[in-house]
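Participant: What follows is a structure written as structure tokens; I'll ask about it next.
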Amino acid sequence: MPGRARVVVVGAGFAGLTVVRALRGRPVEMILVDRHNYHTFTPLLYQVASALLDPSQVAHPIRGVVRPIHNLEVRLAEATGIDLAGRRLLTDVEPVGYDFLVLCTGSTTNYFQIKGLAGSAFGLKDLEQAMALRNQVLRRFEEAAWTEDSERRRTLLTFAVVGGGPTGVEFSGALSELIRGVLTKDFPSVY
């Protein structure tokens with residue numbers, strides 16, 4: 001596509017996909033860069049974290065999602081910086097030149113400057129965090145099944161959800177459903 005402007009989009013989340021879909025068929029060359037080869041449907045991460053959905057149900061291959069967009073190339077890389085003067089996106093693979101750069105890098109968990117919280121709490125912004133949270137809940141039940149100490153068991157099975165936004169509320173409900181609907185049957189000795 002010589003002579004066409006090159007648009008580099010960083011991030012294959014909802015915003016990145018919206019950009020490339022809007023530029024579909026336009027006289028531009030697009031490169032979509034993401035560190036993962038899948039798009040995550042983040043509104044359902046709480047269901048992955050509560051073991052109600054399999055991760056494959058919320059993660060879809062980027063190339064399959066954007067296959068109909070013929071003026072787009074997908075590259076798997078992590079953006080590491082921007083060379084503004086050279087008009088290049090720096091990645092962990094190699095730099096990518098651009099005429100226009102669109103950054104759609106998503107959100108991160110805000111720990112509100114509470115020291116130590118990031119190391120002792122679980123976020124719920126991406127698939128890896130959802131899986132880590134899910135594994136922690138299940139691990140706690142496994143540990144509780146092994147202990148005879150009722151106080152230790154109570155401590156192991158005490159969960160705190162911080163945040164009353166949509167994700168916190170949905171996760172709390174899903175966690176309750178998991179515990180009362182599934183785990184009571186899988187771990188009868190715990191109750």
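Participant: Rounded to the nearest whole Å², what accessible area per residue is found for segment 65-172 with the 1.4 Å probe?
Facilitator: On a per-residue basis, 68 Å².
Participant: Next question, about the same structure. Kindly state, to the nearest 0.05, the FRET efficiency for Tyr191 paired with Leu138, given R0 = 22 Å and r defined as their beta-carbon distance.
Facilitator: 0.85
Participant: Using 7 Å Cα-to-Cβ label points, what is the Arg24/Asp99 separation (nm, one decimal)?
Facilitator: Reported label-point gap for Arg24 and Asp99 is 2.2 nm.
Participant: Pull out the extension gain between Val161 and Leu84, defined as 0.36 nm times the separation in residues minus the alpha carbon to alpha carbon distance; nm, one decimal.
Facilitator: 23.6 nm
Participant: So, one more: With a 1.4 Å probe and all protein chains left in place, how much of the accessible area of the chain comes from carbon and sulfur atoms, in whole percent?
Facilitator: 55 percent
Participant: Also, I was wondering about something else. Can you give the local net charge around Thr167? Use residues other than it whose beta-carbon is closer than 13 angstrom to its beta-carbon, Lys and Arg +1, Asp and Glu -1.
Facilitator: With Lys, Arg at +1 and Asp, Glu at -1, the net is -1.
Participant: Roughly what would the spin-label model give for Lys125 and Arg35, points 7 Å off Cα along C-beta, in nm?
Facilitator: With each label point 7 Å from Cα toward Cβ, the separation is 1.0 nm.
Participant: Something else now. What do you get for Rg/Rh over the chain if you use C-alpha atoms and the Kirkwood form of Rh?
Facilitator: Taking Rg over the Kirkwood Rh, I get 1.10.
Participant: Please list, in order, the residues from segment 16-57 whose amide nitrogen is less than 12 Å from a point placed 7 Å along the Cα→Cβ vector of Arg63.
Facilitator: 37-38
Participant: For Glu151 and Val182 in one chain, what is 0.36 nm times their gap in residues minus the Cα-Cα distance, to one decimal in nm?
Facilitator: Gain on stretching Glu151 to Val182: 8.9 nm.
Participant: For segment 120-191, evaluate the Debye formula with one uniform point scatterer on each Cα (no solvent term) and list log10 I(q)/I(0) at q = 0.14, 0.18, 0.25 Å⁻¹, rounded to two decimals.
Facilitator: -0.46, -0.75, -1.25
Participant: How would you rank 122-128, 93-99, highest first, on the average number of other Cβ atoms within 10 Å across their residues?
Facilitator: 122-128, 93-99
Participant: For n ≥ 4 DSSP H runs only, could you compute -39500 (n - 2.57) per run for the chain, divide by its residues and tell me the 222 nm figure to the nearest 500?
Facilitator: Rounded to the nearest 500, it is -9500 deg cm²/dmol.
Participant: Further, regarding this structure: When the scattering of segment 21-77 is computed by the Debye formula from its Cα atoms alone, each counted once and equally, what is log10 I(q)/I(0) at q = 0.17, 0.27, 0.28, 0.30 Å⁻¹?
Facilitator: Log10 of I(q)/I(0), two decimals: -0.63, -1.04, -1.07, -1.15.
The values are calculated or read from the model by the stated rules, or taken from the named source; none is laboratory data. Everything numeric in this text was worked out from a predicted model, so none of it was measured. When we count neighbours, we look across all protein chains shown, and the Cβ atoms used for this are built from the backbone with ideal geometry, even at glycine. Heads up: the accessible areas ignore ligands, DNA and RNA and are worked out on the full protein's heavy atoms, side chains in. Shrake-Rupley method; radii C 1.70, N 1.55, O 1.52, S 1.80 Å.
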